[in-house]
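These notes are about the structure you will find just below.
The values are calculated or read from the model by the stated rules, or taken from the named source; none is laboratory data. Quick caveat, the model's predicted, so the values are computed rather than measured. As a convention, Cβ positions derive from the backbone with ideal geometry for all residues, glycine included, and neighbour counts pool all protein chains shown. Keep in mind that these areas ignore ligands, DNA and RNA; they rest on the heavy atoms of the full protein, side chains included. Shrake-Rupley method; radii C 1.70, N 1.55, O 1.52, S 1.80 Å.
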Amino acid sequence: MIITRNPSNAKIKELITLSSEGAARWIEDKETGDVFYWPSDSAYHNQVAEILHIAEYDKGIAIEDR
């Protein structure tokens, strides 16, 4: 699984293209302010938060601009 911390806009677009859903999920660690993105079809928000040991987070989905 590809998880990228604080990616550039270009990297976010790359992660979107890697997903069969045309989207990337993200979480923002409320403690550090770091934002993590990954292709949306590879994991859910809570799974990545658990992997990264993040207790409190905001979450969202970035989609491809058309």
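Out of the total accessible area of segment 19-66 (probe 1.4 Å, heavy atoms of protein only), what percent is carbon and sulfur?
Answer for segment 19-66: carbon and sulfur cover 44 percent of the accessible area.
Under a 1.4 Å probe, what is the accessible area of the chain per residue, stated in Å²?
Per-residue accessible area for the chain comes out at 67 Å².
If you line up the long axis of helix 9-18 against the longest principal axis of the chain, both from Cα atoms, how many degrees apart are they, to the nearest 10?
It is inclined by approximately 70 degrees.
In a solvent-free Debye calculation with one equal scatterer on each Cα, what is log10 I(q)/I(0) for the chain at q = 0.12, 0.22 Å⁻¹, listed in the order of the q values?
-0.25, -0.83
Run through the chain and list the chymotrypsin sites (Phe, Trp or Tyr not before Pro) located in a DSSP loop whose Cβ has at most 15 other Cβ atoms within 10 Å.
Sites meeting the loop and neighbour criteria: Tyr44.
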